[in-house]
1. Considering only residues that are in contact with a Pro (Cβ under 9 Å, 6 or more places away or on another chain) and surrounded by 18 or more Cβ atoms within 10 Å (Cβ to Cβ), look in the stretch 270-292 and name the one that is farthest from MET104 (Cα to Cα).
2. Is it the case, given these coordinates, that GLU282 is in contact (Cβ under 8 Å) with a residue 24 or more places away in the chain, over 30 Å from LEU368 (Cβ atoms) and under 31 Å from the mean Cα position of the chain (by Cα)?
3. With the condition being within 27 Å of LEU729 (Cα to Cα) and open to solvent by less than 50 Å² (accessible area, probe 1.4 Å), I'd like the helices (runs of 4 or more DSSP H) fully within the stretch 568-670 carrying at least 3 qualifying residues.
4. Checking THR583 against (1) closer than 23 Å to ASN680 by Cα; (2) over 60 Å from the mean Cα position of the chain (by Cα); (3) among the hydroxyl-bearing types (Ser, Thr, Tyr), only one condition comes out false. Which one?
5. Of all residues in the stretch 671-685 being in contact with a Phe, Trp or Tyr (Cβ under 9 Å, 6 or more places away or on another chain) and either open to solvent by less than 20 Å² (accessible area, probe 1.4 Å) or modelled with pLDDT of 95 or more (or both), which is nearest to LEU638 (Cα to Cα)?
6. Looking for something open to solvent by 80 Å² or more (accessible area, probe 1.4 Å) and not in a loop (DSSP other than H, G, I, E, B) - is there at least one such residue anywhere in the stretch 517-526?
7. Restricting the search to the stretch 49-73, which residues are out of contact with any strand residue (DSSP E or B) (no Cβ under 7 Å at 6 or more places or on another chain), over 21 Å from LYS483 (Cβ atoms) and either open to solvent by 20 Å² or more (accessible area, probe 1.4 Å) or at pLDDT 65 or above (or both)?
8. Is there a residue in the stretch 497-513 that is buried (at least 20 other Cβ atoms within 10 Å of the Cβ) and out of contact with any helix residue (DSSP H, G or I) (no Cβ under 8 Å at 6 or more places or on another chain)?
Amino acid sequence: MENQPLINKPKDQTENELQALLFKYLRYWPFILLSVILSAFLAWLYLRYTVPMYEVVSTILIKDDKKGGGGGLSEENVFSDLSMFSSNRNIENEIQILKSRMLMQEVVNKLGLNFSYYTVGRIKTSEAYKSSPVQLNADSLTKEAYGKVFDIHPLPDNKFEIINGDKRTTHEFGTKLTYPWGNLTFTYTGNANVNPDYIYKVAIADPLLVADRYSKALRVGTIVSQSTVLELRLIDESPEKALDILEKLVELYNEAAITDKNRVAAKTLDFLDSRINLLTKELGEVEKGIEHYTTRNEAFNLTDESDKIISQVFDYDKQLSELDIQLNILKGIKEYLSKDAATFEFVPSNLTINNLTLSGLLVQFNQLLSERERMIKSTRGDNPALVTLDNQLRNLRANILRNIDNIQRDLNISRSKIKAQNSFLQAKVQSMPRKQREMLEIKRQQNIKETLYLYLLQKREETALSLAVAVSNSRIVDPPLAKGSPVSPNRRQIYLVAMFLGLALPLGFITLLEALRTRIESMGDIKSATAAPIVGSIPERKTKDNIVVRSNSRSGIAEAFRLLRTNLNYLTTGKDCQVMLFTSSMSGEGKSFITLNMGMAFAISGKKTIIIELDLRKPKLIRYLDSDNSGNGLTQYLIGQCHWSDIIKKYKGQDNLHYINSGPLPPNPAELLISDQIGNLIAELRKTFDYILIDTPPVGLVTDAFLLSPHTDVALFVLRQNITPKIQLKLLDDYYQSHKFKTLGLVFNGISSKRGYGYGYGYGYGYGYGYGYGYYNDDHQPKWQKLLRKIRRKLPF
């Protein structure tokens with residue numbers, strides 16, 4: 001025969017899971033609300049006592065002649081024709097210079113950032129960058145001084161205490177304190193009315209470590225791609241300190257750039273002065289030679305042809321002179337580079353070199369040398385970056401020397417050609433009269449020396465001018481400005497995270513608990529595991545009475561049994577429902593309790609009912625009926641010691657209720673149950689009684705219930721909340737699908753309203769018997785559950 005589950009839907013057609021999920025968490029709402037409130041409080045506490053961090057932003061323009069970075073009318077643009085000002089700065093190099101530890105260390109030393117001042121509060125200690133009335137001046141500090149912290153307590157009369165644990169020493173402001181690791185002088189710049197409760201901390205730190213921390217915290221980058229405008233960002237708990245750091249950083253960066261330019265110009269000036277002094281001496285000797293020659297010989301006039309030849313000779317001499325100038329410059333640069341292979345010196349670059357490649361290499365060499373000198377001040381000699389820079393300088397110097405050799409070879413070839421052309425004119429000169437020829441030679445020497453002398457004087461003036469008007473590499477676009485609100489902690493983000501965790505943690509914990517629960521807690525657990533119909537739900541009894549169904553009882557549990565009695569008619573529509581078998585998966589699920597009270601429910605409705613105690617291993621029915629197991633029982637009948645009518649007993653509290661006790665416990669109950677006597681007994685009872693209820697052992701332990709199944713019409717399987725293991729539902733579904741019982745129905749027993757399941761976990765009102773109607777006593781409902789019920793009724797799902 002097929003089971004017909006008319007009461008609840010099959011498991012593949014469950015009701016809205018969202019509703020079940022919602023109510024599963026809503027029953028923990030006090031715990032969730034407490035978690036959210038606690039998270040919000042912890043977030044407030046964190047924000048209250050966390051030191052806020054502020055961001056200061058500034059933008060500067062790195063001037064670049066080739067990109068028009070200088071812009072406008074400036075000293076650099078006015079003298080843009082001077083090669084000293086023509087530069088093409090690498091923006092990445094400038095970023096690294098701005099972030100260098102050496103430059104930041106200069107900022108730390110200038111601003112005294114290795115001395116930190118703090119105001120000591122009751123809970124937190126905050127920095128007092130400019131607000132501290134106590135200031136420290138130190139000299140002759142050694143490394144042992146770094147890390148020292150002083151607790152300063154200002155006192156009246158220009159005095160203060162240094163607190164060191166329980167030890168206090170009193171001193172006067174302005175007095176030099178001598179320690180083995182240095183001299184300290186504390187000065188008081190605050191109000192004369194000293195608050196006796198205020199204590200200030202003064203900490204001494206290693207300037208190198210402070211510089212390293214701030215150089216790492218500094219963010220430098222271009223605003224847009226291919227731009228020479230840099231944005232500088234620094235985050236610190238003191239916006240005033242961050243603002244001063246950025247201002248001083250840009251100031252020292254510009255000073256360093258000017259210093260580098262002046263060093264190159266000074267080198268060039270020295271080179272030019274040495275050449276000019278040499279030429280001045282040679283030119284004087286030539287002029288004296290002309291004067292002596294004129295004195296010794298009478299004046300004479302050159303012919304037109306001689307003038308023409310002399311003019312041509314002078315032109316060739318001028319070209320040769322220009323080539324000689326180039327060769328002398330290259331020779332001087334080569335001497336600078338070849339002085340000492342183990343050291344590096346700045347190379348004169350404000351010289352006219354008719355080779356763009358060489359000019360670019362010289363500028364690059366000086367720039368790398370500037371970076372190297374900056375790095376030497378802040379790093380050790382074996383620093384990998386410094387070693388890499390030295391290798392670059394060596395390679396670049398070798399490249400420059402090779403380039404000079406190539407240029408010299410080309411210039412010498414050109415000089416030879418011009419000299420060959422000049423030799424032709426020399427032959428004509430030889431045909432001139434002796435005096436004219438001698439005078440021509442003297443003037444040629446004078447012309448060559450004068451040309452070279454004037455060129456060097458011009459370059460000397462240009463170099464001196466560039467030294468006087470050297471300008472910085474950058475221009476401030478936007479001065480440092482601190483944002484009004486702190487960038488961290490982010491109040492909105494902290495509160496959002498706190499609210500999220502306040503919800504996620506309890507929900508996750510609840511979900512974990514639900515996943516770890518191994519026992520049935522709700523109808524949802526049953527319906528998700530089996531398609532067997534749930535006939536009824538029995539709430540947890542509030543008293544110790546084993547019989548809760550009586551004629552005048554209107555309690556919720558009594559009405560639940562009455563509704564279960566009615567539901568059996570729907571379960572077996574069109575079928576016989578006279579003989580009912582009650583079983584469970586394990587002991588303690590309330591099987592005997594359900595059997596007894598169902599018998600009472602049928603009896604008080606006027607139906608003649610009998611209960612058979614067929615649990616021959618652990619009978620409880622007699623104890624529940626307040627009777628004993630004496631007299632003839634089922635065991636005596638099964639072994640043929642008495643007639644079936646002799647074992648029927650009448651319950652004293654209800655005329656329509658009868659029972660058959662188990663009698664003595666047999667050693668072989670299974671063999672007794674498969675005898676014909678059981679079938680004969682039930683057949684005879686069908687003739688006399690309206691309903692026959694059989695209490696059997698749990699099917700999870702023995703097979704007695706399966707042996708009795710052929711003699712019954714309906715099997716009711718009792719499940720109990722928080723008692724029945726979920727794993728038993730798989731076996732139960734197998735019993736249902738394989739029709740091991742003719743008609744199988746489930747009874748959910750012991751449902752507790754205190755756990756918030758609502759006697760049905762969202763599938764019905766009141767005690768919720770799984771199909772939307774049922775009885776509940778509203779007077780016994782907690783107020784919060786009544787409110788939850790009202791909310792639920794208004795939900796659209």
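The values are calculated or read from the model by the stated rules, or taken from the named source; none is laboratory data. Not measured: the values here are computed from a predicted model. Cβ placement follows ideal geometry from the backbone for every residue including glycine, while neighbour counts extend to all protein chains displayed. The area values use the complete protein model at the heavy-atom level, side chains included, leaving out ligands, DNA and RNA. Shrake-Rupley method; radii C 1.70, N 1.55, O 1.52, S 1.80 Å.
1. First pass over the stretch 270-292, keeping only residues in contact with a Pro (Cβ under 9 Å, 6 or more places away or on another chain): 270-272.
The next check asks that each one be surrounded by 18 or more Cβ atoms within 10 Å (Cβ to Cβ); those that pass are 271-272.
Working: PHE271: 34, LEU272: 36 Å.
The selected residue is LEU272.
2. Values: in contact (Cβ under 8 Å) with a residue 24 or more places away in the chain: yes; over 30 Å from LEU368 (Cβ atoms): yes; under 31 Å from the mean Cα position of the chain (by Cα): no.
Here the answer is no, as GLU282 does not meet what is asked.
3. Those helices (runs of 4 or more DSSP H) span 591-604.
4. (2)
5. Pass one, the stretch 671-685, residues in contact with a Phe, Trp or Tyr (Cβ under 9 Å, 6 or more places away or on another chain): 677, 680-681, 684-685.
From what's left, either open to solvent by less than 20 Å² (accessible area, probe 1.4 Å) or modelled with pLDDT of 95 or more (or both): 681, 685.
On the way: LEU681: 9, LEU685: 15 Å.
My answer is LEU681.
6. Going residue by residue through the stretch 517-526, those that are open to solvent by 80 Å² or more (accessible area, probe 1.4 Å) are 518-519.
Pick out the ones that are also not in a loop (DSSP other than H, G, I, E, B) and you get 519.
There is at least one residue in the stretch 517-526 that is open to solvent by 80 Å² or more (accessible area, probe 1.4 Å) and not in a loop (DSSP other than H, G, I, E, B).
7. Hits for the stretch 49-73 are TYR49, ASP64, ASP65, LYS66, LYS67, GLY68, GLY71, GLY72, LEU73.
8. No; the residues of the stretch 497-513 include none that is buried (at least 20 other Cβ atoms within 10 Å of the Cβ) and out of contact with any helix residue (DSSP H, G or I) (no Cβ under 8 Å at 6 or more places or on another chain).
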